[in-house]
1. For the range 273-326, report the translational diffusion coefficient in µm²/s to the nearest whole number, using Stokes-Einstein at 10 °C, 1.306 mPa s, and a Kirkwood Rh over Cα pairs.
2. Please work out the FRET efficiency for the pair Tyr319 and Leu32, using the Cβ-Cβ distance as r and a Förster radius of 51 Å; give the result to the nearest 0.05.
3. What's the ranking of 55-65, 278-288 by average number of surrounding C-beta atoms within 10 Å, highest first?
4. Using all Cα-Cα distances in the range 157-235, what percent lands in each 10 angstrom bin from 0 up to the longest?
5. As an exercise, take the mean of 1/r over every pair of distinct alpha carbons in the range 107-189, invert it, and state the Kirkwood radius in angstroms.
6. Over the range 130-205, what is the relative contact order in whole percent, taking alpha-carbon pairs under 8 Å and six or more residues apart?
7. Relative to 2.2 N^0.38 Å, what does the C-alpha radius of gyration of the range 69-225 come to as a ratio? Two decimals please.
8. Starting from 0.36 nm per residue, how many nanometres of slack lie between Leu126 and Ala266 once their C-alpha separation is accounted for?
Amino acid sequence: MNETSPADSPAPAQPTGRIVLLTTSHRVAPGLLSWPAWQALHAADRVLCADGAHPQLPYLRDAGIVVESGSPSAEELVGECAGGRTVLVVATGEGEPALTDGLARLAGSGRVAMPELELLPASYDLPGARLLDLVQVMDRIRLECPWSSQKTHKGLAKYAVEEAYELVEAIEEGDREELREELGDVLLQVVFHARIAEEDPETPFSIDDVAATIITKLIHRHPHVFADAVATTPEDVKEHWLRTKAIEKRRASVTDGVPLHQPALALATKLTSRVRTAGLDVPLPTGEGVGYELLALAARAESEGVDPESALRAAARVYREAVRGVEGVGDS
């Protein structure tokens with residue numbers, strides 16, 4: 001019977017340790033990290049960060065975390081984990097592409113016993129976080145773009161109308177990709193105007209003021225959501241909305257606030273809607289000409305719950321396709 005001497009026994013496998021790549025979002029205030037992130041930071045044997053101006057560093061140091069400045073190579077980092085040590089890397093804003101690529105190459109080579117690798121998000125973007133990026137981009141464009149820096153509210157007004165029509169077209173065509181793009185174009189108009197408004201010497205306001213105004217309005221006009229009012233049908237909601245709006249605006253006439261420069265069919269529809277909702281008995285004016293006939297048609301459509309603008313646009317699309325069919329022209 002052969003006996004194996006201790007010298008011939010395989011050496012016990014050494015623990016390979018752990019590398020944690022900690023990522024944070026620049027859209028979340030520094031220091032607002034998840035509990036698993038704080039646990040990992042306190043448990044790590046070494047904490048490294050290549051960016052000495054990383055916004056998280058003051059908060060980590062206030063919490064007693066020793067953060068070393070450095071950007072070791074993948075090989076050096078793996079070596080640091082020998083003996084079961086944990087090394088945590090606080091990722092910079094660009095991430096750590098050189099490090100992660102190097103670790104991937106090492107892992108694929110099969111030559112190195114790799115430590116456990118973990119990507120740990122320490123903070124997540126909240127819904128709407130990209131809107132902050134849009135505001136920052138708009139700030140820079142306003143300052144550095146020769147065209148954008150000269151624009152005024154009046155100079156941009158026509159674009160708001162154009163983008164709104166393009167949005168309606170995308171909705172009617174049911175094109176989801178186009179819808180997403182056109183919503184962005186409409187949003188740009190809001191952010192652009194708000195940025196210009198910041199520069200007004202007398203009554204400046206910002207995009208935050210715009211958001212605060214609409215938030216206040218929405219909460220106030222939805223007491224069935226944010227207060228103890230009851231609304232069980234869409235009609236109840238509309239009644240709440242109109243009643244609250246009337247109190248807010250204190251208008252002398254139901255026609256106050258109806259923009260006269262909107263498309264004529266939309267204008268006629270809005271006026272007849274206001275009259276019907278208010279319970280007023282105001283006969284339509286009679287007169288000669290197509291205008292009075294169109295007014296009567298708009299009133300009829302509104303009373304039947306039909307948007308005459310949409311109905312006429314749909315009919316015009318059918319007519320357009322008929323014309324193109326006669327011409328032998330296909331959609332490009």
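Bear in mind that the values in this text are calculations on the coordinates, not laboratory data. None of the values given here were measured: they were computed from a predicted structure. Cβ coordinates were reconstructed from backbone atoms using ideal geometry, including for glycine residues, and neighbour counts include every protein chain displayed.
1. Numbers: Rh = 13.1 Å.
Diffusion coefficient, whole number: 121 µm²/s.
2. On the way: r = 57 Å, r/R0 = 1.13.
It comes to 0.35.
3. On the way: 55-65: 14.5, 278-288: 8.8.
Averaged packing, sorted descending, gives the order 55-65, 278-288.
4. 16, 27, 32, 22, 2
5. 16.8 Å
6. On the way: 41 pairs, mean separation 25.2, N = 76.
Rounded, it is 33 percent for the range 130-205.
7. Values: Rg = 24.4 Å, N = 157, 2.2 N^0.38 = 15.0 Å.
Ratio of Cα Rg to 2.2 N^0.38 Å: 1.63.
8. Details: separation 140, 0.36 × 140 = 50.40 nm, distance 3.79 nm.
My answer for the length gained is 46.6 nm.
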